[in-house]
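Visitor: Just passing along the structure, written as structure tokens.
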Amino acid sequence: MVPKVGLWSHQECDRSGNERLEGREVEEFCRRLLRRPELEELFGRYSGEDRVLSAEELRDFLRDQGEEASLRQARAVIRTYELNEKAKQQDLMMLDGFMMYLLSAAGDILNQEHTKVHQDMSQPLCHYFISSSHNTYLTRNQIGGTSSTEAYVRALMAGCRCVELDCWEGSDGEPIVYHGHTLTSKILFRDVIESIRDYAFKQSPYPVILSLENHCGLEQQATMARHMKAILGDMLLTQPLEGQDPHDLPSPEQLKGKVLVKGKKLPEPWHEPQGVTSLLDHEEEEEEEEEEEEEEKLQERSSRRVRGSPRAVVPEDHGVLAKDASQVAPELSAVVVYCQAVPFPGLAHALQHPRPCEMSSFSERKARKLIKEAGPALVRYNARQLSRIYPLGLKMNSSNYNPQEMWNVGCQLVALNFQTPGYEMDLNAGRFLGNGCCGYVLKPPCLRSPPGEGPRRLALHIRVITAQQLPKLNREKGSSIVDPFVRVEIHGVPADCSKQQTHHKLNNGFNPRWEETLSFQLRAPELALVRFVVEDYDSTSCNDFVGQFTLPLASMREGYRHIHLLSKDGASLSPATLFVHVRCKNL
């Protein structure tokens, strides 16, 4: 359906009355269709009666935006965005140039300095949030979905720096990767490693961690180690860095271009004497306890579930859990350097005897229990060592959990199902949007050196002004025009979590105008994410998602800003935008 404004403009512009637009009529029609009254008003407040911005007036506008602007910088903006050559030569900006500027990256709500790596990358790995994937090989659900090397490529190109490989015995001596005891398809371990070699550092130069979930026997473990060495070559880190204390974690900067393996490590000679099998059996008991619980649920819910013990063979002679899988081959142990997987010894013991190169994994349920019972101690633990959080295996549809509660206590490797869109992945994309999308984000000081000085409190005021060209995504509903409203969500520490929304506007997805201010108070702004959501209001059923954009509060610019909306799976919805005014004030 043509927007009402479009029908009106068509009639107004048809000067010849022949119900066709020709020549200048088309130009006039497009101008009216793209008219932005709110930008005209803003332009008029700074330009005065002559309706052009001088370099001095533009400088004043830029300063009101919270930017440090000189006359020289204002002139540079005019030279870049002004369309009229005559005005440009006189250092003047007209309305069209002003609109071009506000719709460009320079007028984006995201601080453009944060689209590059701008943080200190020389601190230990445990001082960073690290973009992490769970069941990376899956393209759909965990029971009958497809395993694919393409899933690794997509995750790495999205900035993911920790990928998971579930490794099982292959019938022909070649290890395979798939979700054990299910009907998910299988892929060769060596094919996965080749894909990682080809794409590990195309999006980011910083280290990639291979999280190995090993169910292979000693022989195929040795095969895994051989494949990694042969395929990855010098990319694979097999020794502690020269000049670095082998018991301390190096920095992302020191590990540029390197692939690290997370896995079990055989005891070193200087450790307490104990059998290798007994050391690992303790961890196996912990893992199997949760696996047994999950298996019962899976058997109840899925007729396709493969029956039998955890050591059963998957049909078609694929995916054996080897009898000696509880042991570690020396060849595989040798490639584990800084990410040594160990059973969690408890917070008290870990804090008294820190071992930075050892790390533990927690299900979301266990992590929540730790947060509830000993949150401050978990923050101190995460300031020294790495921890990995993963979704419960009971989630057969590969759904996710809220990663923010894990980031709040400093957990670094918060692994999500990248193949499952939703607000959880929106938050993950938003968290790693800053720092050049490199997959590493420096944790705030309060999480690196606890208890430390508390963060500054902040008042945030967001005036939702207008939206432009919102799509109607649910074609099954009667009306083809959206009734949009905007919701602003704050995701951070529990005291900061909040959401507010505007009223909905009837039948206007083209240029709805709200002029509504939403205000928030934040106690820990350095941890906060701001999520802008546009939905299509429905009084009789669920509202329909239209678009969203999520970013760290620390990367959000003040002043008049455009927000370029994304779809549910993170794709651009261009030219759909929100236009807002942002103001922050220290409390």
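The values are calculated or read from the model by the stated rules, or taken from the named source; none is laboratory data. Computed from a predicted structure; not experimentally measured. Positions of Cβ are generated from backbone atoms using ideal geometry, with glycine treated the same way; all protein chains shown enter the neighbour counts.
Visitor: Which of the residues belonging to region 92-108 are out of contact with any strand residue (DSSP E or B) (no Cβ under 7 Å at 6 or more places or on another chain) and either among the charged types (D, E, K, R) or within 17 Å of Arg561 (Cα to Cα) (or both)? Before the answer, list the steps.
Guide: Of all residues in region 92-108, those out of contact with any strand residue (DSSP E or B) (no Cβ under 7 Å at 6 or more places or on another chain) come to 94-97, 99-101, 104-106.
The answer is Leu95, Asp96, Gly97, Met99, Met100, Tyr101, Ser104, Ala105, Ala106.
Visitor: Return only the number of the condition from (1) of a type in the set (Asp, Glu); (2) more than 24 Å from Gln404 (Cα to Cα); (3) modelled with pLDDT of 95 or more; (4) assigned by TED's automatic domain parsing to the domain that holds Leu188 that Asp91 does not satisfy.
Guide: (4)
Residue-wise test of (1) assigned by TED's automatic domain parsing to the domain that holds Val441; (2) more than 16 Å from Val259 (Cβ to Cβ); (3) outside any helix (DSSP H, G or I).
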{"site": "Glu174", "(1), (2), (3)": "yes, yes, yes"}
{"site": "His179", "(1), (2), (3)": "yes, yes, yes"}
{"site": "Leu183", "(1), (2), (3)": "yes, yes, yes"}
{"site": "Arg190", "(1), (2), (3)": "yes, no, no"}
{"site": "Glu194", "(1), (2), (3)": "yes, no, no"}
{"site": "Lys202", "(1), (2), (3)": "yes, no, yes"}
{"site": "Pro205", "(1), (2), (3)": "yes, no, yes"}
{"site": "Cys216", "(1), (2), (3)": "yes, yes, yes"}
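Visitor: Please go through (1) closer than 30 Å to Cys411 by Cβ; (2) part of a strand (DSSP E or B); (3) within 24 Å of the chain's Cα centre (by Cα) for Leu518 and return the number of the only condition it doesn't satisfy.
Guide: (3)
Visitor: Here is a list of conditions, (1) small (Gly, Ala, Ser); (2) crowded, with 20+ Cβ neighbours inside 10 Å; (3) more than 19 Å from Pro330 (Cβ to Cβ), and Ala225 meets all of them except one; can you say which number that is?
Guide: Every listed condition holds for Ala225 apart from (3).
Visitor: Given the options Leu110, Leu71, Leu156, name the one that is out of contact with any Phe, Trp or Tyr (no Cβ under 9 Å at 6 or more places or on another chain) and either aliphatic (A, V, I, L, M) or farther than 26 Å from Val409 by Cβ (or both). Please lay out each step first, then the result.
Guide: Working: Leu110 fails: out of contact with any Phe, Trp or Tyr (no Cβ under 9 Å at 6 or more places or on another chain); Leu156 fails: out of contact with any Phe, Trp or Tyr (no Cβ under 9 Å at 6 or more places or on another chain).
Matching residue, one of Leu110, Leu71, Leu156: Leu71.
Visitor: Oh, and also: Please list, ordered by first then second residue, the pairs with beta carbon atoms under 7 Å, 6 or more apart or interchain, first in region 93-115 and closer than 18 Å to Gly66 by Cβ, second of a type in the set (Phe, Trp, Tyr) and not in a helix (DSSP H, G or I).
Guide: Pairs found: Leu102/Tyr560.
Visitor: Hey, among the residues in region 139-184 that are in contact with a strand residue (DSSP E or B) (Cβ under 9 Å, 6 or more places away or on another chain) and of a type in the set (Val, Ile, Thr), which one's surrounded by the most Cβ atoms within 10 Å (Cβ to Cβ)?
Guide: Restricting to residues being in contact with a strand residue (DSSP E or B) (Cβ under 9 Å, 6 or more places away or on another chain) and of a type in the set (Val, Ile, Thr), the top hit is Ile176.
Visitor: Oh, and also: So, of the residues in region 387-408 that are among the aliphatic types (A, V, I, L, M) and surrounded by 23 or more Cβ atoms within 10 Å (Cβ to Cβ), which turns out to be farthest from Pro345 (Cα to Cα)?
Guide: Looking at the filtered set, the residue picked out is Met406.
Visitor: For region 545-557, what are the residues that are crowded, with 18+ Cβ neighbours inside 10 Å and either part of a helix (DSSP H, G or I) or out of contact with any Ser or Thr (no Cβ under 7 Å at 6 or more places or on another chain) (or both)?
Guide: Correct list: Val546, Gln548, Phe549, Thr550, Leu551, Pro552, Leu553, Ser555, Met556, Arg557.
Visitor: Which numbered condition in (1) free of Cβ contacts under 8 Å to residues at least 12 places away in the same chain; (2) buried (at least 20 other Cβ atoms within 10 Å of the Cβ) is the only one that Glu453 fails?
Guide: With respect to (1) free of Cβ contacts under 8 Å to residues at least 12 places away in the same chain; (2) buried (at least 20 other Cβ atoms within 10 Å of the Cβ), Glu453 is out only on (2).
For every residue, the table says whether it meets (1) in contact with a Leu (Cβ under 8 Å, 6 or more places away or on another chain); (2) in a helix (DSSP H, G or I).
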{"residue": "Leu392", "(1), (2)": "no, no"}
{"residue": "Asn397", "(1), (2)": "no, no"}
{"residue": "Asn400", "(1), (2)": "yes, no"}
{"residue": "Met406", "(1), (2)": "no, yes"}
{"residue": "Gly410", "(1), (2)": "yes, no"}
{"residue": "Val414", "(1), (2)": "no, no"}
{"residue": "Thr420", "(1), (2)": "no, no"}
{"residue": "Glu424", "(1), (2)": "yes, yes"}
{"residue": "Asn428", "(1), (2)": "yes, yes"}
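Visitor: Can you find a residue in region 395-406 that is without any contact (Cβ under 8 Å) to a residue 40 or more places away in the chain and either over 30 Å from Ala571 (Cα atoms) or touching a Gly at 6+ places or on another chain (Cβ under 7 Å) (or both)?
Guide: Checked against the condition, which is being without any contact (Cβ under 8 Å) to a residue 40 or more places away in the chain and either over 30 Å from Ala571 (Cα atoms) or touching a Gly at 6+ places or on another chain (Cβ under 7 Å) (or both), region 395-406 yields at least one hit.
Visitor: From Ile231, Ile187, Ile209, which residue is under 16 Å from Leu332 (Cβ atoms), surrounded by fewer than 22 Cβ atoms within 10 Å (Cβ to Cβ) and modelled with pLDDT of 95 or more?
Guide: Ile231
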